[in-house]
Amino acid sequence: MKIIKYLFFLLLLIIIGGAVYIATINGEYQVEESRVIDAPDELLFNTINEYKTWDKWGPWMDESDDLIMEYPENTSGQGASYSWKSETQGDGRMKTEKIAPFSSIDQKITFITPMGESVSDVYWKFEKIEGKKTKVTWGMKGEQSFMEKAFWTTQDSTLSQMLRPMYKRGLEKLDTYSKEEMKKYSVHVDGVTEHGGGFYMYSATASSIAVIPEKMSQMIPAVNAYMRENNLAQTGMPFTIYNEYNEDQGTAIFSTAIPTRDKVVTPKESTVLCDFLPRQKVVKTTLKGDYVNLKEAWETAYKYIADNSLEADATSAAFEVYRAGPGLAPNPADWITEIYVPIK
């Protein structure tokens, strides 16, 4: 009988000692991973800020076939949330607590387990580097409960060690997802229409076709600056007129322009001039997507002209209008360029 009593007290001491040991363990934890992604900070911020994109790149999607996502009415911005249910991974929910557009997002994540609810802080940081590249940092921190600490003492790894590979894989999938989203594009021939024309301010140059984008990035801001300095009204979106385009020789003469209301007489020494685009019959083609797809869009426009027994007007230069570009849409897939080919 005494032996049983001693064993009972020994077991009690072990339990008390174990409890004291677990209680003294520092329950604070933090896991953080970073990755440089070749995408604009605004695009990546908007992707993370919208919970309905998470099932496209979330690393947990690889580990569960029974994950059910549930979305309320508000899924982006401060106060947005979503929840999930899974027999294999458990249930949980996420809520956005605070956002600083294009630089950071703070969230609360709640895991619902047999040991109760576990709440942690999730944070995102977006750092713009080297042009369009962005350093994305994804982290989570919190403090484990007594039962959680007891559980992790029985495991071969810590909570942070278990989470780190998942966060790393998540950023890799976010990288892939963002690049695929940026590649999306469409070309649509709107058909024969009439372009209203009008006065425009422009700057012209001759260059190799390969450096046209670089030249345009310098010329359009110069025209825009001239108009601001001289209080000239802008009445439409910027456009480029291709006065000559020789693909065989790889050269072009072109003008970058911005519409204005009235005729403007500029000084003789000015590199920014004024001209008039006549009202004319055109075939309009719309590209939604990155400028790398412009060649295909132009080819589609001329194929439409040939297939419909139309004839391009060689006396009038074709042009493209930039309805939405990098300044308005961070995702190249959302850029809109209209191509106008004058016809007889």
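Quick note: the coordinates plus some simple rules give every number you see, no bench work behind them. Predicted, not measured: the structure shown is a model, and the values here were computed from it. FYI the Cβ positions are ideal-geometry reconstructions off the backbone, even for glycines, and counts take in every protein chain you see.
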- Note on the structure: Computed over the range 214-260, the relative contact order (Cα-Cα under 8 Å, seq sep at least six) in percent reads 41 percent
- Query: For I241, what charge total do you get from the other residues with a beta carbon under 14 Å from its beta carbon, if Lys and Arg give +1 and Asp and Glu give -1?
  - Reply: -4
- Query: Roughly how many nanometres apart are two label points built 7 Å out from the Cα toward the Cβ at I336 and N308?
  - Reply: 2.0 nm
- Query: Given the pairs K268/K344; K56/K128; K263/K303, which span a C-alpha to C-alpha distance of over 29 angstrom in this model?
  - Reply: K268/K344; K263/K303
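May I ask you to order 329-341, 123-135, 197-209 by the average number of other C-beta atoms within 10 Å around their residues, highest value first?
Ranking, from highest mean packing down: 329-341, 197-209, 123-135.
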- Task: Work out how far the C-alpha atoms of the range 194-340 reach from end to end along every principal axis, then list the three figures in whole Å, largest first.
- Result: 45, 35, 30
